[in-house]
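To keep things clear, I will list the structure first and then write my remarks on it.
Please treat every number below as a calculation from the coordinates, not as lab data. If you're wondering where the values come from, they're calculated on a predicted model, not measured in any experiment. Neighbour counts are summed over all protein chains in view; Cβ atoms, including those assigned to glycine, are modelled from backbone coordinates with ideal geometry.
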Amino acid sequence: GTVYDIVGPICESSDFLAKDRALTAREGDLLAVMSSGAYAMSMASNYNSRPRAAEVMVQGRAAELVRARESAEQLFALERIPG
């Protein structure tokens, strides 16, 4: 396959999930990151105003949504603009 670097969505030069990985990928394919570290809810933050990701539990061939993606409305709900 083609060699890729897999990066996260934030503007940090160290935000790599994988480097130099040979993958056979096509447009529309999904990529599962099995150990997501700071992208999992226990370590997630709203750095750069990024909504927290959904979480999916996979057991065998079954996948279930266990936490919905945070919406923009939820992300900004507690913010106030004075004036």
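Model label points for Val56 and Gln74, set 7 angstrom from Cα along the Cα-to-Cβ axis, are 1.7 nm apart. Couplings for the stretch 22-30, taken from phi via the Karplus curve 6.51 cos²θ - 1.76 cosθ + 1.60 with θ = phi - 60°, read 7, 10, 9, 10, 10, 4, x, 5, 9 Hz in order; Gly and Pro are left as x.
Net charge near Ala22: determine it from the other residues with C-beta under 15 Å of the C-beta of Ala22, scoring Lys and Arg +1 and Asp and Glu -1. Before the final figure, lay out each step's value.
Details: positive: Lys19, Arg21, Arg26; negative: Asp5, Asp20, Asp29.
So the surrounding residues net to 0.
Kirkwood's formula applied to the C-alpha pairs of the stretch 9-83 gives a hydrodynamic radius of 15.2 angstrom.
Specify the longest stretch of the chain that does not include any exposed loop site, a site being one of the trypsin sites (Lys or Arg not before Pro) with a non-H, G, I, E, B DSSP assignment and at most 13 other Cβ atoms within 10 Å. So the longest stretch without any such site is 27-60.
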